[in-house]
Amino acid sequence: MLASKNILLVIGGGIAAFKSLDLIRRLRERGASVTPVLTRAGEEFVTPLSVSALAGTKVFRDLFDLTDEAEMGHIELSRSADLIIVAPATADLMAKMAQGHANDLASTLLLATDTPVLVAPAMNVRMWDHAATQRNISTLKADGIHFVGPNEGDMACGEYGPGRMSEPLEIVAAAEAMLADGPLKGKRVLVTSGPTHEPIDPVRYIANRSSGAQGTAIARALAALGAHVIFVTGPADVPAPGGVEVVQVETAQQMLEAVETALPADAAVFAAAVADWRVASASNSKMKKTKGGLPELKFAENPDILASVAQMKKGRPALVVGFAAETDDVIANATAKRERKGCDWIIANDVSAETGIMGGSENDVNLISNSGSEDWPRMSKAQVADKLANRIAQALA
Ligand code: CTP
């Protein structure tokens, strides 16, 4: 997918810049050519010599380098690329992008371009969490800029949290997904996945056995067909796929908010095993054993995310796909569920313990639409995902 693609790689000033050297190698291994642009701050972390040696070409550094302007102006430099990757993207660089500044080569290229842009942020967790950075990210997302990461973990500055730049192979996967030339290119597809966790108190929660495997496979398959996938996931066992926009949530309420923020979309697939109930008033402090007896939990009903999107009066995705996890009368219950929720298709599966489906690697499903029920043979979750992604592509064509 990256063979003979031209990638302009903007390396910002952050400790994660060392990973960008490996990123250059990974991109070139896949047949891409990499034109590196190093910011002034970036030069403090990696040398122009090592960048150009790995890229096998000149490093662009200065806006006012007249030779470069004579050879190739900055407009041309940005437009001749198939994709621009900004890695690491610092808080400062993203702020400039969001505000439209053009006071150095990197920001000027990013303002002058009409090429898709992929940003891999890297910064201290507090800078990431800061309202200004989050505001800039929302602006950039609304401008159509794609993001990969950041990941959560130990940081070079000694703190822990989101802010670590994605690994080179994750960035490569995201780039591949953006350049994928499939039938879903240009389509925006929302996928919910995984369980939700509903807190009882700060240390306890109610959950279910969903691993997130089926939703993850669907997101991956849709991205491989060229879709821009927004993957809203609860706390799953399997890692999120590369090449999709990941939004991590815990509770059903948060999942609904993330889904509403992600819309509009051309299609939406609701594979999450959302908890139907939450504890009505979760305790803010840890509940203690008392001599007086057992605690009593009162439940409140969670919003039905699928039904609320399927029944939207304005801006409803053209195709809304739900799942029906059933243990009895699978087809009859799923058919009724499709009507009740107002979605176009339901993927019905039998999640009785003896099927081994919930948490397993295989699935046995029926696709239920307004033209009846279609029985798919038992196959791997990856194969179900591929088949479904292809059906979605046909339906949106
Ligand atoms: N779903 C949702 N929000 C909820 C509950 C379910 O979006 N609060 C979605 C699931 O992602 C799935 C579909 O609705 O696509 C059906 O989920 P399922 O658990 O099978 O159905 P329920 O709504 O829980 O119905 P029932 O309790 O009758 O089985």
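The values are calculated or read from the model by the stated rules, or taken from the named source; none is laboratory data. Predicted model, so just to flag it, every value in this text is computed and none were measured. Here the Cβ positions follow ideal geometry from the backbone for every residue, glycine too, while neighbour counts run over all protein chains shown.
Restricting to region 93-112, give me the number of residues that are hydroxyl-bearing (S, T, Y) and farther than 14 Å from N136 by Cβ. Step through it out loud before you land on a result.
Initially, region 93-112 is screened for residues hydroxyl-bearing (S, T, Y), giving 107-108.
The next check asks that each one be farther than 14 Å from N136 by Cβ; those that pass are 108.
Residues flagged as hydroxyl-bearing (S, T, Y) and farther than 14 Å from N136 by Cβ within region 93-112 amount to 1.
Find the residue count for region 263-301, including only residues that are within 16 Å of the ligand (Cβ to nearest atom), under 25 Å from A142 (Cα atoms) and surrounded by fewer than 20 Cβ atoms within 10 Å (Cβ to Cβ). Number satisfying all stated conditions: 1.
Inspect all residues belonging to region 127-142 and state whether any of them is assigned to a loop (DSSP other than H, G, I, E, B), without any contact (Cβ under 8 Å) to a residue 24 or more places away in the chain and surrounded by fewer than 23 Cβ atoms within 10 Å (Cβ to Cβ). Working first, answer last.
Initially, region 127-142 is screened for residues assigned to a loop (DSSP other than H, G, I, E, B), giving 130.
From the residues that got through so far, the ones that are without any contact (Cβ under 8 Å) to a residue 24 or more places away in the chain too are none.
No.
Of everything in region 100-126 that is touching a residue at least 24 places away in the same chain (Cβ under 8 Å) and in a helix (DSSP H, G or I), the residue that is surrounded by the fewest Cβ atoms within 10 Å (Cβ to Cβ) is R126.
Flag set for N370, criterion: in contact (Cβ under 8 Å) with a residue 12 or more places away in the chain and over 25 Å from H197 (Cα atoms).
Can you tell me how many residues in region 173-194 are outside any loop (DSSP other than H, G, I, E, B) and buried (at least 24 other Cβ atoms within 10 Å of the Cβ)?
Of the residues in that region, 8 qualify.
Pairs are defined by a Cβ separation below 8 Å, a sequence spacing of at least 6 or placement on different chains, a first member in region 341-361 that is closer than 26 Å to A310 by Cβ and without any contact (Cβ under 8 Å) to a residue 24 or more places away in the chain, and a second member that is more than 13 Å from the ligand (Cβ to nearest atom) and not hydrophobic (A, V, I, L, M, F, W, C); the pairs so defined are I357/N363; I357/D364. Criterion applied to T39, T47 was being β-branched (V, I, T) and touching a Leu at 6+ places or on another chain (Cβ under 8 Å), and the one residue passing it is T39. The set of residues in region 311-340 that are within 18 Å of A395 (Cβ to Cβ) and near the ligand (Cβ under 9 Å from one of its atoms) comprises V321, G322, F323. Among the residues of this structure, A307 counts as one that is crowded, with 16+ Cβ neighbours inside 10 Å, in contact (Cβ under 8 Å) with a residue 24 or more places away in the chain, within 14 Å of the ligand (Cβ to nearest atom) and in the same structural domain as Q254 (by TED's automatic domain parsing). From the list V232, V259, V238, the lone residue that is within 10 Å of S193 (Cβ to Cβ) and within 12 Å of the ligand (Cβ to nearest atom) is V232. Condition test on V321, is it surrounded by 14 or more Cβ atoms within 10 Å (Cβ to Cβ), assigned by TED's automatic domain parsing to the domain that holds T335 and closer than 17 Å to Y205 by Cα? Answer is no for this residue. Is it true that some residue in region 80-98 is of a type in the set (S, T, Y), surrounded by fewer than 24 Cβ atoms within 10 Å (Cβ to Cβ) and within 21 Å of M178 (Cα to Cα)? So far as region 80-98 goes, yes, one or more of its residues are of a type in the set (S, T, Y), surrounded by fewer than 24 Cβ atoms within 10 Å (Cβ to Cβ) and within 21 Å of M178 (Cα to Cα).
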